[in-house]
Amino acid sequence: MADDEKISTRYHYQFIHNVFGNFFNDMLEYFGDYLYPRFEYQVVGTYDKAVEYINKKDQYDREIDKPQLPALILNPTGDFGLADAITGAKQPWRFPNLAPGMINRIFDPVYQDDNVLITVGFTRVKGEVELIMLLNSFYEYADLKMLMIQIFGGTDRYIYPSWFNSFVILPSELYNYRYINDVTGLTYKLDWESAGATDQLIKSTAIEEKVIPCTIKPIFKLISLSDGSERYGGTDKVAEWKLNATVEYEVEVPSFVVLETNYLAERIKIEIRYGSAYSRYPNYKPPINRQLTDFSWDWGLDSTSNSVISTDSTSEIDYVADYVFHTRYYHTVSAAEALEEEYLDIDLPEQITAQRSLIVNSKRGELSYWDHYRIIDIGWTLRLLLEYVPITKGQIIELYVYKLIS
């Protein structure tokens, strides 16, 4: 697929570390507050020491010179990457340069109005963290080790914790995006407040950004559980009881944002140019101009059906007629219309009084007058005969209108 056939407006999430930072912090709270609330001290190993010093001073109203036991230290590693292909991590729509236009069919949009659709794309990553648990005694060590075995069901077994809260920082060009329609003259700035966007100070950049909340649901697996204790302390050092655990995680990370405009007419290529006509369907090329051998027909109306008909008054060739392309219309089949069984009536934007001045095309190719469709209501309605023209929701019916010039 050519790149211009995809979604052109894509925004990479440059501050993705905020998602990881919140994820590791929520993971720390999950293992600390939820699984073993007796932990007196909890810290993520990558936190800036000055920030951690201030946080702990505010928490305990005094300076902390060493961890209070029992303590939990979560040490994330930078060795993360795509999850296994069997989990769907390598599906094309997960990558902004492969098939980003598919994500609006996978995820709900974070912003939507009549003209603009914005969707967040997720990448499934897998990585590991190290949990270091500093304990008071062997008895506490035994208690916690047994609890970890029970919680994880042993090693190499996935568990499914609760949802974790996170957020996506909106790029300034996306937050300040103004929709402009050159045809109708409609212009407006996106109403992000109604979509739930809020102001939040990002600690890592010290900048207040517009963010939208999101929830992620990881899965965890215990890889190893080992004893890191130092039992022989010496004359001035007591034994240190330490339980080490390696935990593997898989999580959907919001990694890019896709913006689509005029999505109600998405994938419909409309190019208005003199003497040209374009089709949505690549196997069909509508003629620019048509030179047809006409008979001396008198167009009239069927008194019973109001259909456009012709009465063949002679079998001799009368003249060669030139039909020039005038305009193109399209009709998108709705869900309600797709339920019709016998026929589908489509209102025509202009009156069609001659059979040869209209070409009707669908995904199955060019349709034949009378066999596949009729023109009724004095030329204002197109009737598709569904027995011969099957339709589905979202299908496009193309109408090419020609003008007789000679």
>> Against the conditions (1) modelled with pLDDT under 75; (2) among the hydroxyl-bearing types (Ser, Thr, Tyr); (3) within 30 Å of Ile151 (Cα to Cα), where does Tyr249 fall short? Just the number, please.
In response: (1)
>> Residues that are within 28 Å of Pro37 (Cα to Cα), at least 3 per element: which strands (runs of 3 or more DSSP E) completely within segment 110-205 meet that?
In response: 116-135, 164-169
> What is the number of the single condition among (1) over 17 Å from the mean Cα position of the chain (by Cα); (2) modelled with pLDDT under 85 that Glu128 does not meet?
Replying inline: (2)
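Residue-wise test of (1) over 30 Å from Tyr177 (Cβ atoms); (2) modelled with pLDDT of 85 or more; (3) among the aromatic types (Phe, Trp, Tyr).
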| position | (1), (2), (3) |
| --- | --- |
| Thr77 | yes, no, no |
| Ala83 | yes, no, no |
| Pro100 | no, no, no |
| Arg105 | no, no, no |
| Tyr111 | no, no, yes |
| Ile132 | yes, yes, no |
| Tyr139 | yes, yes, yes |
| Asp143 | yes, yes, no |
| Ile149 | yes, yes, no |
>> Exactly one of these conditions fails for Gly394: (1) loosely packed, with under 12 Cβ neighbours inside 10 Å; (2) modelled with pLDDT under 90. Give me its number.
In response: (1)
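The values are calculated or read from the model by the stated rules, or taken from the named source; none is laboratory data. Because the structure is a prediction, the values reported are computed rather than measured. Cβ coordinates were reconstructed from backbone atoms using ideal geometry, including for glycine residues, and neighbour counts include every protein chain displayed.
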